[in-house]
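Have a look at the structure below, then the notes.
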Amino acid sequence: MKFTIREGKPEDCKDIERMIMELAVYEKMPDQVKISHKELERDGFGPNAYYKFLVAEVPEEQKSKDGYTKVGYALFFYTYSTWKGRVVYMEDLYVMPEYRGKGIGKALMANVAKVGKEKECVRLQLSVLDWNKPSLEFYLAKGAEDLTAKEGWHHIRFHGEALNNLAQEAP
Amino acid sequence: MFLLRKAEPKDVSDILRLIKELAKFEEMEEQVVLTEKELLEDGFGDHPFYHCVVAEVPKESQSIEGYTVIGFAMYYFTYDPWIGKLLYLEDFYVMKEFRGYGIGSEILRTLSETAVKTRCSGMHFIVAEWNTTSIEFYKRRGASDLSREEGWRLYEIDKINLLKMSSK
């Protein structure tokens, strides 16, 4: 199957919004998706872009049953390790089910790694749900290590009311 | 008495000192390979990879070894495709002799204020599961443990494997 991997553009955001929702459904948390292509367009481009993304596209002859040619994406940004320096964090990696097994996911991730290498990043980090066996195997095959298991790291979040309360807390 | 302010280029050596102290507490001191030069370039160049606030005390209250910069927090902005901008807290540390005075609380409050002002939907960070003092500090303030609640695990691909992937 022929496909291309390229940098995301503002006009891709509607397709990204669609695929973000498909991935959220797969992760069993669709009700948690609160933003649309509007926020994606505002936040992904310009001098203060908060993320970057790559799109996997197939030619018109190979479009999906619903008529889509944008069939996968990888969304990432740069973070910082006070121990080692620049890190590339891959937030989302997704390929539509009918296009899996053709090397698209691998190619998307390889391109994220390439961008990270160009920016002199010392590692790539990502998060996976503990029950997501196909993804866990995909990443482990590329040399990924589970830092939650190895070093005991847990993801913590302050949001909504807890964040507002914290912001107003008297010193 | 203390003040919190945005870090400046001249603070990089204090920041690195505090980073190493925190790494020592996390029992991973030998893993700090970052240098002052990289901290300077990455935090104060054209495209900062991080933001930093430092806690400073007046000269009369300096530490035993003579330091006035006695705490710091390093953060950056990340993106959640479901809810948008987030503030990610990378490091947060106050020197042992200056704890119990509300400096840590004030740092956290300032950062959460920054998060709210800059339209972030949340503040995220990671904590080591054995670090019960810190976990209690955050839980008391309403934080959730997403690893426990939703099953998220942090994975990492190191430089060697990153290079292997990017050259295919």
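The values are calculated or read from the model by the stated rules, or taken from the named source; none is laboratory data. All of these numbers come straight from a predicted model, not from anything done at the bench. Methodologically, a virtual Cβ is constructed for each residue, glycine included, from the backbone with ideal geometry; neighbour enumeration extends over all protein chains shown. The accessibility values were calculated without ligands, DNA or RNA, using every heavy atom of the protein model including side chains. Shrake-Rupley method; radii C 1.70, N 1.55, O 1.52, S 1.80 Å.
Miscellaneous remarks
- Filtered by the rule that a residue be more than 10 Å from chain A (Cβ to nearest Cβ), in a helix (DSSP H, G or I) and in contact with a helix residue (DSSP H, G or I) (Cβ under 6 Å, 6 or more places away or on another chain), the range B:23-63 gives B:Glu36, B:Leu40, B:Phe44.
- Of all residues in the range A:32-47, those satisfying the criterion of being closer than 26 Å to B:Pro48 by Cα, open to solvent by 60 Å² or more (accessible area, probe 1.4 Å) and within 11 Å of chain B (Cβ to nearest Cβ) are A:Lys38, A:Arg42, A:Pro47.
- Residue count for the range B:100-115 satisfying the condition of being part of a helix (DSSP H, G or I) and touching a residue at least 40 places away in the same chain (Cβ under 8 Å): 5.
- Test: residue in the range A:127-134 that is aromatic (Phe, Trp, Tyr) and closer than 30 Å to A:Pro59 by Cα: no
- Selection status of B:Glu36, surrounded by fewer than 17 Cβ atoms within 10 Å (Cβ to Cβ), of a type outside the set (Ser, Thr, Tyr) and either under 18 Å from B:Ser13 (Cβ atoms) or more than 19 Å from the chain's Cα centre (by Cα) (or both): yes
- The residues of the range B:105-132 that are touching a Pro at 6+ places or on another chain (Cβ under 7 Å) and not hydroxyl-bearing (Ser, Thr, Tyr), listed by number, are B:Glu106, B:Arg109.
- Helices (runs of 4 or more DSSP H) enclosed by the range B:116-168 - at least 1 residues per element that are of a type in the set (Asp, Glu), open to solvent by 20 Å² or more (accessible area, probe 1.4 Å) and more than 7 Å from chain A (Cβ to nearest Cβ): B:132-139, B:146-150
For every residue, the table says whether it meets (1) over 20 Å from A:Leu108 (Cβ atoms); (2) in contact (Cβ under 8 Å) with a residue 60 or more places away in the chain; (3) over 18 Å from the mean Cα position of the chain (by Cα).
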| position | (1), (2), (3) |
| --- | --- |
| B:Glu129 | yes, no, no |
| B:Thr133 | yes, no, no |
| B:Gly142 | yes, no, yes |
| B:Asp145 | yes, no, no |
| B:Glu149 | yes, no, yes |
| B:Arg153 | yes, no, yes |
| B:Asp158 | no, no, yes |
| B:Leu162 | no, no, yes |
| B:Ser167 | no, no, yes |
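- Residues within the range A:101-134 that are part of a helix (DSSP H, G or I) and either more than 7 Å from chain B (Cβ to nearest Cβ) or open to solvent by 20 Å² or more (accessible area, probe 1.4 Å) (or both), tallied: 13
- Number of the exception - A:Tyr73 against (1) open to solvent by 20 Å² or more (accessible area, probe 1.4 Å); (2) touching a residue at least 60 places away in the same chain (Cβ under 8 Å): (1)
- For the condition of a type outside the set (Gly, Ala, Ser), within 27 Å of A:Val58 (Cα to Cα), open to solvent by 40 Å² or more (accessible area, probe 1.4 Å) and part of a strand (DSSP E or B), A:Glu98 does not qualify.
- Candidates B:Tyr75, B:Tyr67, B:Tyr88 - the one that is surrounded by 14 or more Cβ atoms within 10 Å (Cβ to Cβ) and more than 28 Å from A:Asn48 (Cβ to Cβ): B:Tyr67
- Filtered residue count, the range B:39-54, keeping only those that are crowded, with 18+ Cβ neighbours inside 10 Å and either touching a Gly at 6+ places or on another chain (Cβ under 7 Å) or among the hydrophobic types (A, V, I, L, M, F, W, C) (or both): 7
- Residue tally, condition touching an Asp or Glu at 6+ places or on another chain (Cβ under 7 Å) and on the phi < 0 side of the Ramachandran plot, over the range A:80-90: 3
Residues are listed down the side, and each one gets a yes or a no for (1) modelled with pLDDT under 95; (2) within 24 Å of A:Leu126 (Cβ to Cβ); (3) among the hydrophobic types (A, V, I, L, M, F, W, C):
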residue: B:Asp42; (1), (2), (3): no, yes, no
residue: B:Asp46; (1), (2), (3): yes, no, no
residue: B:Cys52; (1), (2), (3): no, no, yes
residue: B:Glu56; (1), (2), (3): no, no, no
residue: B:Ser63; (1), (2), (3): yes, no, no
residue: B:Gly71; (1), (2), (3): no, no, no
residue: B:Tyr75; (1), (2), (3): no, yes, no
residue: B:Trp82; (1), (2), (3): yes, yes, yes
residue: B:Glu90; (1), (2), (3): yes, yes, no
